[in-house]
Amino acid sequence: MLQLLLSPRRGWEDIAVDGFASTEILRKGFVPLIVVVSLTCLPSLWYHSDATVAGVCERMVACFVKFLASFYVASFCFSLYIPSCTDNVMSMNKNHTFIVYSLGILALLNILTNLLPMVPDMLYLLPVYVYFIMWRGITFMEVKFNGVISFMLLNLFALLLPPFLFQYLFNLIIPA
């Protein structure tokens, strides 16, 4: 994942060469990562005077659920729309691998925002870089030339927006 952050094109090439099963990446990489992301909600007990243990536990569950639910939303959307972007070639292993790595990078950004007492405005622009990383994955996903725009729109609506929408919904439900 570090390779994806530093050199996205080379990172996607390395992922393609490795060829791990998406279920293995999901089970041994993504789920433990989102558990760590949810555990990073705990430091808010120390630097927010109004934080309660129950409220932090609710935030931890919400943080875990938003990424897990986003994986399933993205998987569903990709299964519907990726054939139109890739000459009707669909590999669920590739789809899930792409989704897991993309959401994993968003989860790493969430770790940063959870650990900082005050989030700098610059961190809110980092999902744009994640979108760039997804764009560099068009060769990994074997997107045809005239399917790039629809693929990028799919990434926007199926991968980038769901975690933020779930977070917004949880913020409405969970009291501050």
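The values are calculated or read from the model by the stated rules, or taken from the named source; none is laboratory data. Quantities reported herein were computed from a predicted structural model and do not represent experimental measurements. Every residue, glycine as well, gets a Cβ built from its backbone with ideal geometry; the counts of neighbours run over all protein chains shown. All accessible areas refer to the heavy atoms of the entire protein, side chains included, with ligands and DNA or RNA removed. Shrake-Rupley method; radii C 1.70, N 1.55, O 1.52, S 1.80 Å.
Using 1/(1 + (r/R0)^6) with R0 = 41 angstrom and r between the beta carbons of L172 and F20, what's the FRET efficiency to the nearest 0.05? Don't skip to the answer; put the middle values down first.
Working: r = 37 Å, r/R0 = 0.91.
It comes out at approximately 0.65.
As a calculated quantity, the FRET efficiency between Y129 and N88 at R0 = 35 Å, using C-beta atoms, amounts to about 0.70.
Sorted largest first by accessible area at a 1.4 angstrom probe radius, with every protein chain in place, the residues H96, H48 fall in the order H48, H96. Per residue, the accessible area of the chain comes to 56 Å² when a 1.4 Å probe rolls over the protein heavy atoms.
Estimated purely from DSSP H runs of n ≥ 4, each contributing -39500 (n - 2.57), the mean residue ellipticity at 222 nm for the chain is -21500 deg cm²/dmol once divided by its residues.
When the residues V53, V100 are ordered by accessible surface, computed with a 1.4 Å probe over the protein chains alone, the sequence from largest down reads V53, V100.
Hey, what angle do you get for helix 53-85 against the long axis of the chain, alpha-carbon based, 0 to 90 degrees rounded to 10? Computed tilt is about 10 degrees. Considering the values (i) 0.99; (ii) 0.93; (iii) 1.13, which represents Rg/Rh (Cα atoms, Kirkwood Rh) as calculated for the structure under consideration? Evaluating Rg/Rh (Cα atoms, Kirkwood Rh) on these atoms matches (i).
Run through the stretch 1-85 and list the GluC sites (Glu not before Pro) located in a DSSP loop whose Cβ has at most 14 other Cβ atoms within 10 Å. Each step should come with its number before you reach the end.
Numbers: sites: E13, E24, E58; in loops: none.
Sites meeting the loop and neighbour criteria: none at all.
With a 1.4 Å probe and every protein chain kept in, tell me what percent of the accessible surface of the chain is carbon plus sulfur.
Looking at the chain in its full context, I get 70 percent from C and S.
With Rh defined as the Kirkwood radius, the inverse of the mean 1/r over Cα pairs, the Rg/Rh of the stretch 129-176 is 1.18. Can you work out the FRET efficiency for the pair D121 and V31, with r the C-beta to C-beta distance and R0 = 45 Å, to the nearest 0.05? After rounding to 0.05, the efficiency reads 0.90.
Taking the Cα centre of the stretch 25-154 as the origin, how large is its charge dipole in debye, to the nearest 20, when only Lys and Arg (+1) and Asp and Glu (-1) carry charge on their Cβ atoms? Can you show the working numbers first?
Values: 7 positive and 5 negative charges, 64 e Å.
Here the stretch 25-154 has a charge dipole of around 300 debye.
Projecting the Cα atoms of I149, L45, P127 onto the charge dipole of the chain, computed from C-beta unit charges around the Cα centre, puts I149 farthest toward the positive end. Give the distance, in whole Å, between the Cα centre of the stretch 100-166 and the Cα centre of the stretch 35-56. Between the Cα centre of the stretch 100-166 and that of the stretch 35-56, the gap is 25 Å.
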